[in-house]
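**Student:** Pasting a structure below so you can have a look.
Derivation of every value follows stated rules applied to the coordinates shown; laboratory data play no part. Small disclaimer: the values here were computed from a predicted structure and weren't measured. Note that each Cβ is placed from the backbone with ideal geometry, even for glycine, and that neighbours are counted across all protein chains shown.
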Amino acid sequence: MKRKIIQIDEEKCNGCGICIPNCHEGAMQLIDGKARLISDLFCDGLGACIGHCPEGAIEIIQREAEPYDERKVMEMMVPKGRNTILAHLSHLKDHNETEFLQQAIDFLKENNIMMTPEKTENHSHGECGCPGSMAKDFRTESPMVETQTNAETHSNASQLPATSELRQWPVQLHLLNPQASYFKNADVVLGADCAAFAMGDFHARFLKGKSIAIACPKLDSNKESYVQKLSSMISDTKINSLTVVMMEVPCCSGLLHMAQSARSNAGRNIPIKQAIVSLQGEVLEEEWT
């Protein structure tokens, strides 16, 4: 599929670094005196960095973007030098993309490029964008468990906090990488921003065992990028199903329309379930479309 992505003119770039903090995904870093896109994987193509380049060195281009290919990315990274390679490996590691990191390491070994993953552990990202958008896969982390006696358990049962079913971070669709490992072959919830606040049992009823993306079809900008990301989840990451959880207000139906458009564009007919939630958190309707 074709998608938008940034392109940096290295001759124009003077290395000021003003663009770096404005890349929400942390896909850009200042290396060897130049701003560099260290991974296609985390560039959403929205161009938040463009207006912050005083030299006009950044532009949005549209090019064919096949399912993410780490080997092709490494072919592009290697000529840029050791520091760029280290930054890319560290970027993959910090975003828990272990599968792609192993592919990158295998590529280096096959091409006799001596660089081990241990050398990326102390690499500093510096100004690499918003830390809140750094991807985390909670499925690989062990939950904290507090030990209680049976008596304590029974007496405190009504006071115990509900267990979170969230399996990843981030969750906002603009910040998500549609090809992240936690979306591969997953059942996914596309939730309205308000739904989890309205429903007391949102986690238990809809989120358990699923990955999630949240959005507001009324207030969010660049909804076309939402359709593109959902299409990528369906066609490239091969998600199994999509459950669209909407509020009963009319504007929320736009969420279902985006999901259906994405399915049509992807050319892969996955099942989509719609769930409509009342303003007081009751599920009014739940059916497959």
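**Student:** Would you be so kind as to identify which of A198, Q179, V245 lies farthest towards the positive end of the dipole of segment 165-288, taking Lys and Arg as +1 and Asp and Glu as -1 on Cβ and the Cα centre as origin?
**Tutor:** It is Q179, whose Cα lies furthest towards the positive end.
**Student:** Rounded to the nearest 20 debye, what is the charge dipole size of segment 165-288 about its Cα centre when +1 sits on each Lys and Arg Cβ and -1 on each Asp and Glu Cβ? Numbers along the way, then the final one.
**Tutor:** Working: 12 positive and 12 negative charges, 102 e Å.
Around 480 debye, computed over segment 165-288.
**Student:** Hey, with R₀ at 22 Å, roughly what FRET efficiency would I50 and R71 work out to, going by the Cβ-Cβ distance, to 0.05?
**Tutor:** Details: r = 29 Å, r/R0 = 1.31.
My answer for the efficiency is 0.15.
**Student:** When Lys and Arg each count +1 and Asp and Glu each count -1, what net charge do the other residues less than 13 Å away from A198, Cβ to Cβ, add up to? Before the final figure, lay out each step's value.
**Tutor:** Values: positive: R205; negative: D193, D201, E248, E282.
With Lys, Arg at +1 and Asp, Glu at -1, the net is -3.
**Student:** With only Lys, Arg, Asp and Glu charged, each at its Cβ (+1 for the first two, -1 for the last two), find how big the charge dipole of segment 157-211 is about the Cα centre; round to the nearest 20 debye.
**Tutor:** Numbers: 5 positive and 4 negative charges, 33 e Å.
Roughly 160 debye, rounded to the nearest 20.
**Student:** Can you find, among C23, C43, I8, the residue sitting farthest towards the positive end of the charge dipole of segment 2-121, where Lys and Arg contribute +1 and Asp and Glu -1 at Cβ?
**Tutor:** Farthest towards the positive pole: I8.
**Student:** OK, next. Taking amide H atoms as placed 1.01 Å from N in the peptide plane, list the residues 5 or more away in sequence, or in a different chain, whose amide H sits under 5 Å from that of I212.
**Tutor:** Amide H neighbours of I212, under 5 Å, 5+ apart: V189.
**Student:** Which part of segment 253-277 falls in the paramagnetic zone of Q62, meaning amide N under 11 Å from the point 7 Å along Cα-to-beta-carbon?
**Tutor:** none
**Student:** I've got another one for you. Would you mind checking segment 200-220 for residues with the amide N under 18 Å from a putative spin-label position 7 Å along Cα→C-beta of S241?
**Tutor:** Once the point is set 7 Å along Cα→Cβ of S241, 202-213 turn out to lie under 18 Å by backbone N, inside segment 200-220.
**Student:** Taking a virtual spin label 7 Å from the Cα of K184 along the C-beta vector, which residues in segment 222-263 bring their backbone nitrogen under 16 Å of it?
**Tutor:** So the set is 233-240.
**Student:** Another question about this same structure. For D32 and R139, what is the calculated FRET efficiency with R₀ set at 45 Å and r taken between the beta-carbons, to the nearest 0.05? Walk me through the numbers on the way to the answer.
**Tutor:** Working: r = 36 Å, r/R0 = 0.80.
Step by step, r from the Cβ atoms, then E = 0.80.
**Student:** Here is a follow-up. Do any of K80/K218; K218/K238; K80/K184; K109/K208 go past 32 Å between their Cα atoms, and which? Numbers along the way, then the final one.
**Tutor:** On the way: K80/K218 42 Å; K218/K238 27 Å; K80/K184 30 Å; K109/K208 39 Å.
In this structure, K80/K218; K109/K208 lie more than 32 Å apart at Cα.
**Student:** On to the next question. Within 14 Å, Cβ to Cβ, of W288, how many net charges do the neighbouring residues add up to if Lys/Arg are +1 and Asp/Glu are -1? The partial results should precede the final answer.
**Tutor:** On the way: positive: R263, K273; negative: D187, E285, E286, E287.
That sum, taken over residues with Cβ under 14 Å, equals -2.
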